[in-house]
Structures are given as C-alpha cells and as structure tokens.
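Here the structure is laid out as structure tokens; the discussion comes afterwards.
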C-alpha cells in the first residue's frame, strides 16, 4: 500500500456512494477485478484512476489517503460489514446487501 491510498477507505467511499464494484469499474473504465485488487490491497491505483474514482464517487482524492491512526467509526464499520459478503448481519437478515446508508436497518 502506498502512502496515498488506503484500500478500506476507498471501499468505504464507494459503499457510501451507493455504488457497486462493477458499476464504479465501468464508469472509470477499468476491469472489475482491478478494482477488487485495489479494495483488498493487492494493487494500488494510479493517480489518474484515483482522480476519476473521486469524481464519480463525489469525493476528494484525499478521502482515500492512508493515515496511521485511522480506524472506521461504528457506523462505517457496520456499513462495511453489511457490504462484505459472508460477514456481519447482512447475510442472515437480508437477501441482498444494502448499498446505501439509508438501506441499513435502524
């Protein structure tokens, strides 16, 4: 992982935008597998790809930045658990994963 990119923060911004991996990959013109590699930390995106992703997600490239002390807060952790297949309460309670904060149960 390079100092300009945090895979989990990137995934969180995608999920908060209500966008699936395939949809984002299509919009920034990359393969879905490449986007998955970014999100699991197997590969780092280039600056051009980061700028495209930030524009599509409605955020800044700085939102993907790695900081040593960052950890997701409780709401973000829950959102990520719902998004990750096979973990969190989503698999037991809903037939499909919510993609927006509004879709999470209260």
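Throughout, read-outs are computed from the coordinates displayed, never taken from laboratory work. Keep in mind it's a predicted model, so treat the numbers as computed, not measured. Here Cβ is always computed from backbone atoms with ideal geometry, including for glycine, and neighbour counts include all displayed protein chains.
Here are a few things to note about the model shown:
- Which of 74, 81, 39 has the fewest Cβ neighbours within 10 Å, and the rest in rising order: 74, 81, 39
- Sorting 78, 57 from the fewest to the most surrounding beta carbons within 10 angstrom yields 78, 57.
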